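**Q** Please see the structure below; I have some questions.
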Amino acid sequence: MISDTDIIGRIRQGDVRQFESLFRSSYVSLVRYARKLVKDQDDAEEIVQDLFYRIWQDREKIKIESSLNGYLFRAVHNRCLHFIEHNRIVVKHAEEMSFRLPESPESPSDILNYKELQARIAGILEKLPERCGKIFYMNRFEGLKYNEIAEKLSVSVKTVEANMGRALKEFRKELTEK
């Protein structure tokens, strides 16, 4: 039987067969675990597939101090928690936006345009990387300053600034396309 250290070493060196073997042997149990947390089969599969994608992309830098199986389950657990939090923010944003209808709309077409804009904003937020969307939401919808966001998320102010820049760039791109 091959040890976890050997498996990790082989994957680090780009051994595709070893990586595929790990994927095949772990996939079903990891998806089953993720599904218990996120309550949706497709989301669970996407979370696990993304984890393996990231492992392969970052294989040369990967450092696993515990058992490989423990690492995989902990990584899936953390990704599920992030997924749940991200969805909670998207739903909260959609709810907040639905309460922001103009007090005296000019016409039914104004209401329709406003709702279309809300849907586009929610769609753009959903497309953003998780942390980027969270930072944008905290700044624009919760009114937090960059240093407050940095403190809450345990990241640097520069990270907050970079993510806000990325989010704003994406909003400008998406909202000027149509």
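**Q** Take residue 85 and decide whether it is loosely packed, with under 14 Cβ neighbours inside 10 Å, over 19 Å from the mean Cα position of the chain (by Cα) and without any contact (Cβ under 8 Å) to a residue 60 or more places away in the chain.
**A** In short, no.
**Q** Which one of these is among the aromatic types (Phe, Trp, Tyr), surrounded by 14 or more Cβ atoms within 10 Å (Cβ to Cβ) and at pLDDT below 85: 99, 171? Quick ask: steps written out before the conclusion?
**A** Working: 99 fails: surrounded by 14 or more Cβ atoms within 10 Å (Cβ to Cβ).
Only one candidate qualifies: 171.
**Q** Looking at the range 57-69, which of the residues that are touching a residue at least 40 places away in the same chain (Cβ under 8 Å) and loosely packed, with under 14 Cβ neighbours inside 10 Å is farthest from residue 11 (Cα to Cα)?
**A** Only one residue fits best here, namely 67.
**Q** Here is a follow-up. It is to be established whether one or more residues within the range 108-120 are at pLDDT 80 or above and touching a helix residue (DSSP H, G or I) at 6+ places or on another chain (Cβ under 8 Å).
**A** For the range 108-120, residues at pLDDT 80 or above and touching a helix residue (DSSP H, G or I) at 6+ places or on another chain (Cβ under 8 Å): present.
**Q** Output the residue which, of all residues in the range 133-158 that are in contact (Cβ under 8 Å) with a residue 24 or more places away in the chain and not hydrophobic (A, V, I, L, M, F, W, C), is farthest from residue 85 (Cα to Cα).
**A** The extreme case among them is 139.
**Q** For the subset of the range 1-51 comprising residues that are basic (Lys, Arg) and loosely packed, with under 15 Cβ neighbours inside 10 Å, which member is modelled with the lowest pLDDT?
**A** Checked the range 1-51; the qualifying residue modelled with the lowest pLDDT is 39.
**Q** Here is a follow-up. Take the residues in the range 140-160 that are part of a helix (DSSP H, G or I) and touching a helix residue (DSSP H, G or I) at 6+ places or on another chain (Cβ under 6 Å), then tell me which one is surrounded by the fewest Cβ atoms within 10 Å (Cβ to Cβ).
**A** 147
**Q** Still on this structure, please answer the following. Identify the single condition in (1) closer than 23 Å to residue 88 by Cα; (2) buried (at least 17 other Cβ atoms within 10 Å of the Cβ); (3) out of contact with any Asp or Glu (no Cβ under 6 Å at 6 or more places or on another chain) that residue 72 does not satisfy, given that it satisfies every other one.
**A** Of everything listed in (1) closer than 23 Å to residue 88 by Cα; (2) buried (at least 17 other Cβ atoms within 10 Å of the Cβ); (3) out of contact with any Asp or Glu (no Cβ under 6 Å at 6 or more places or on another chain), residue 72 misses just condition (1).
The values are calculated or read from the model by the stated rules, or taken from the named source; none is laboratory data. Note that the coordinates shown come from a computational prediction; the quantities given were computed from them, not determined experimentally. Positions of Cβ are backbone-derived with ideal geometry, glycine not excepted, and every protein chain shown enters the neighbour counts.
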